[in-house]
């Protein structure tokens, strides 16, 4: 009998060590009776302290303050599959060459298909319909089929999903709010989405319900942040927002209808808007993508610091960073969604999502926190990673001096204060995800990256860290980098370090290019700002 006890104890110790995370131990279990101020008990995997004389059950009123979640929680086992790398591909970027896009990731989410909005009155009974917005749906189709992203991705065994919703899809929010308790309507919505997935031949959908804020052009929209899900003083959990309940029920129905398809959700990482969701949806989803970016920068009083740090930022490290105006990090978001967070004014420790269901966010953009958005819009100017590199070629190795890990990007040249993700920082995120048992990363968004073999690609840094060789040069597409000169004939100016031939599809996104020899290529894709000079007596022949 003693041998069995030793074995059990060894297993418990091993599991706790491998899991990386652990909850505080539970204290003395609560039993009905009389308690005095300062008495400590545990109840329902939560540690409490009596605020004053009480005979009530902890968690039922305000007599008990929450000190922590406790026990083994619901962390679950580590994710042992290959790390998931999900990249969003927006349908509105006019300067990106979708036709030549090379999908070097595990999954692409085309963003966004949105529901049909019928009017500008959120309080009306027909604000939205169970139908797609025709224009946005056509844009998604164009990327999938006209530009052949779906077929090219499937050739590389890359999954393709469509993201539904986004930051301005109030129709989706309205449908979930209106019908959260209407089983027949939710069934109709689930059937509508299922039919869409099957008709398009895609691999699934990403449920991206996020516009929890007012829109000045839509009557009846309000800020829905700050919902209370318990608190550190022992307050009552108000439960999810009705739309959050509707989303969880929709996920359940979609899983029943599409048991083998990919189902996911993109959510806010921290509690202000995150409290609106119903974490029971996790059981029906393959993963939940935490939008661990925009932790600063998107509002006028933003603290001056990194908007997507992996590691926690000590309070007071940055200008404007206070208890009431913090800068969160991916670690904070993970702890909140797993239920490990310190109890706060609007939650008692967070949700209970298994760690293997969670992905963290990698932004391919940064914020210039010295420059407000034009036209008095809320927040600060954003810059894509390729725009940052174009202006500051050493940005990949220009790190935030306050960051002891030396991975968060920062440049203060030209009066700017630009904070951004670096290739090194992105690689650290997927390394962290694997080490701590999470499922991978989500990228917002793919059009912001540098050419894959340019030496500054964030995506390549991610793939290198996970040990995946994804070489675009194995195909026929070659991209101009202009990293040495403006001469077409110089191999170092091309992404594959080779001058294109008649077998190659050529992409030139920017720059002035001089052709000084007779050459033939298969096809040419250029942006409107590109200038190509063909010297006298020379020819550039485009075969298609």
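Every number here is computed from the coordinates shown, using simple stated rules; none is lab data. None of the values given here were measured: they were computed from a predicted structure. All Cβ positions, glycine included, derive from the backbone under ideal geometry; neighbour counts span all protein chains shown.
So if I take the centroid of the Cα atoms in the stretch 400-469 and the same for the stretch 284-319, what is the distance between those two points in Å? The stretch 400-469 and the stretch 284-319 have Cα centres spaced 15 Å from each other. Averaging the sequence gap over all C-alpha pairs within less than 8 Å and six or more residues apart, then dividing by the number of residues, gives the stretch 473-542 a relative contact order of 28 percent.
In terms of the Cα gyration tensor, with a ≥ b ≥ c the square roots of its eigenvalues, is the stretch 473-542 rounded because a/c is under 1.5, prolate because a/b exceeds b/c, or oblate? Display every interim value, and only then the final one.
On the way: a/c = 1.34, a/b = 1.15, b/c = 1.16.
It is rounded, given that a/c, with a ≥ b ≥ c, falls under 1.5.
Mind giving me the FRET efficiency for residue 544 and residue 32? R0 is 60 Å, r the Cβ-Cβ distance, nearest 0.05 is fine. Once rounded, the FRET efficiency stands at 0.15.
Working from Cα pairs under 8 Å separated by at least six residues, relative contact order for the chain is 12 percent. Between the alpha-carbon centres of the stretch 77-144 and the stretch 218-240 there is a gap of 28 Å. Peptides 150-158, 365-373, 23-31, 395-403 ranked from most to least packed by the mean count of surrounding Cβ atoms within 10 Å: 365-373, 395-403, 150-158, 23-31. Over all Cα atoms in the stretch 24-68, the spread is summed up by Rg and Dmax: 9.1, 25 Å.
Using helices alone, what [θ] at 222 nm do you get for the chain, with -39,500 (n - 2.57) per DSSP H run of 4 or more residues, divided over all residues and rounded to the nearest 500? It would help to have the intermediate numbers written out before the result.
Working: 11 runs with 117 residues, N = 544.
Calculated at 222 nm, the ellipticity per residue is -6500 deg cm²/dmol.
Return the percentage of antiparallel bridges among DSSP beta bridges fully within the chain, rounded to the nearest 5 %.
Details: 29 of 84 bridges.
Around 35 percent of the beta bridges assigned by DSSP in the chain are antiparallel ones.
Among 268-278, 228-238, 124-134, what's the highest-first ranking by average C-beta atoms within 10 angstrom per residue?
Values: 268-278: 23.5, 228-238: 17.6, 124-134: 15.0.
In descending order of packing, they fall as 268-278, 228-238, 124-134.
Of the peptides 75-84, 314-323, the order by per-residue mean of other Cβ atoms within 10 Å, starting with the highest, comes out as 75-84, 314-323.
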